[in-house]
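**Student:** One structure is given below, represented as structure tokens, and several questions about it will come after.
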Amino acid sequence: MLFLCRFKLIEKMEDRQVILNHEQIQQKLRRIACQIYEDNISEKTFI
């Protein structure tokens with residue numbers, strides 16, 4: 001079911017399909033953070 005709210009189309013939560021659950025999202029974000037750290041470990045400064 002879709003709703004129009006402030007000119008945007010919004011789906012009800014019951015109509016959505018879960019792609020990643022909470023734990024999987026946390027794992028993905030942690031892996032991304034680790035990858036960024038590993039790629040920049042030798043940097044002296046950050047922005």
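**Student:** Which residues, taken from segment 1-24, are at pLDDT 80 or above and surrounded by 10 or more Cβ atoms within 10 Å (Cβ to Cβ)?
**Tutor:** Listed by number, the residues that qualify are Leu20, Gln24.
**Student:** Another question about this same structure. From the set of residues in segment 25-47 that are of a type outside the set (S, T, N, Q) and part of a loop (DSSP other than H, G, I, E, B), which is surrounded by the most Cβ atoms within 10 Å (Cβ to Cβ)?
**Tutor:** Glu43
The values are calculated or read from the model by the stated rules, or taken from the named source; none is laboratory data. Computed from a prediction, not measured in an experiment: that's the story for all the values here. We place every Cβ from the backbone using ideal geometry, glycine too, and count neighbours over all the protein chains shown.
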